[in-house]
Amino acid sequence: MFSLEDDLARWREHLTRFAALLGSPPDRHNAPATEPRAAHCLVFAPHPDDECIVGALPLRLQQEAGWRISNVAVTLGSSPERRESRWAELVDACGVLGFGCIRVGDDGLSDVRPDTAEREPALWAAHVAALAALLHEHRPALVLAPHALDDNPSHRGVHRLVVGALAAARSSTVLAMTEFWSTQADPNALVQTSIADTARLIAALARHTGEIARNPYHLRLPAFLADAVRRGGELVLGAGEAPPDFAFATLYRLVECRDGQLAADLPRRVFPADQALTSALLKP
């Protein structure tokens, strides 16, 4: 059994070779810009493992600005016999990332799909109320959830559920829409991860042992993050623009939420790893 430090070292070595093939320069390091008052970010994860796949932005905010990050396990998967083990894997993965874990109910929420509100209105109302209570309790400065067309029923369901909960709680925050199963049409933030941070995200994802046993998708995460640089270079900077020279990044769409209503997209920005993230990224 490899230790976490062994895992991180092996992944850093692999990613360094990958980055060299892409022609990326060596990582440039920044000095953390820890803020006097730590803000809180909630990651609403459709399944245990999504916190790792889309975790670039919260991981950097935690490390560079001292933010507190909590992963909200909206569901624990569709297999009842796997839910306890998936929760244990999630706690292990979040330990690698330094994230807290919030479990919604005993077994996560059930039937979180885009059409549940119409089929089971009472169940959906209870789900909305549960997430609205979390938003009211924690008052996060940033919320992560999948975009509306992320092509998995639970991902699309969580998008609709979180938007409904933001409205019910009358939250004023920033919603960062994430992508995995389908790319989103109009991302406005490209967040680089250094080789060290990318290695940590993959090492955390590998802690979801039951899932990667059937599909070792953690091995493909570097390619997913590299492709975000290709797409993001033009989607965020503009058509025909040269992509940034870094190897790995994650795309988001950041939207200001005022009193529970999605109000306006934030400006298009690229966030290199050599410039520390602060709360300024959440301002228009």
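Let me have the 222 nm mean residue ellipticity of the chain computed from DSSP H runs of 4+ only, each contributing -39500 (n - 2.57), with the sum over all residues rounded to the nearest 500.
For the chain, the value works out to -13000 deg cm²/dmol.
Under a 1.4 Å probe, what is the accessible area of the chain per residue, stated in Å²?
On the way: 12380 Å² over 284 residues.
I get 44 Å² per residue for this part.
Tell me, what is the FRET efficiency for R37 and D6 to the nearest 0.05, using R0 = 41 angstrom and their Cβ-Cβ distance as r? All intermediate terms of the calculation are to be shown ahead of the outcome.
Details: r = 36 Å, r/R0 = 0.88.
That pair, R37 with D6, gives E of 0.70.
Label 7 Å along Cα→Cβ of S85; the stretch 204-227 residues with amide nitrogen under 20 Å?
Counting only backbone N, you get 204-219.
Rounded, prolate or oblate: pick one for the stretch 79-194, where a ≥ b ≥ c are the square roots of the eigenvalues of its C-alpha gyration tensor, a/c under 1.5 means rounded, and failing that, prolate if a/b is larger than b/c, else oblate.
The shape class here is rounded.
Could you work out how far apart the two model spin labels at E241 and L149 are, taking each label as a point 7 Å from the Cα in the direction of the beta carbon, and quote it in nm?
2.2 nm
Give me a comma-separated list of calculated 3J(HN,Hα) values for the stretch 16-24, in order, Karplus coefficients 6.51, -1.76, 1.60 applied at θ = phi - 60°, integers in Hz, x for any Gly or Pro.
4, 5, 4, 4, 5, 5, 7, x, 7
Quick one: ranking L22, L134 by accessible area, 1.4 Å probe, largest first, what do you get? Let's see the in-between values first.
Values: L22 90, L134 25 Å².
Sorted descending by solvent-accessible area, the residues read L22, L134.
Could you go through the stretch 150-160 in sequence order and give the Karplus-derived ³J(HN,Hα) for each residue, using 6.51 cos²θ - 1.76 cosθ + 1.60 with θ = phi - 60°, rounded to whole Hz, and x for Gly and Pro?
Couplings: 5, 7, 9, x, 5, 5, 5, x, 5, 4, 4 Hz.
Return the sequence-ordered ³J(HN,Hα) values of the stretch 195-209 in whole Hz as given by the Karplus equation 6.51 cos²θ - 1.76 cosθ + 1.60 applied to θ = phi - 60°, using x for Gly and Pro.
For the stretch 195-209, the Karplus curve yields 4, 5, 6, 5, 4, 5, 4, 6, 4, 5, 4, 5, 6, 7, 5 Hz.
Taking amide hydrogens as modeled 1.01 Å from N in the peptide plane, which residues meet the under 5 Å criterion relative to V174, leaving out close sequence neighbours?
L142, V143, C257
What's the carbon and sulfur percent of the chain's accessible surface, probe 1.4 angstrom, rounded to a whole number? If you can, show how the numbers build up before the last one.
Details: 6610 of 12380 Å².
For the chain, the apolar C and S fraction of the accessible surface comes to 53 percent.
Quick check: pseudo-label points 7 Å beyond the Cα along Cα→Cβ at S110 and R231, how many nm apart are they?
The modelled label-to-label distance comes out at 3.4 nm.
The values are calculated or read from the model by the stated rules, or taken from the named source; none is laboratory data. Here the structure is a predicted model, which is why all the values come from computation and not from measurement. Glycine gets a Cβ as well: all are built from the backbone with ideal geometry, and neighbour counts include every protein chain shown. For the accessible areas, the whole protein counts, side chains as well, though only heavy atoms, and no ligand, DNA or RNA atoms are used. Shrake-Rupley method; radii C 1.70, N 1.55, O 1.52, S 1.80 Å.
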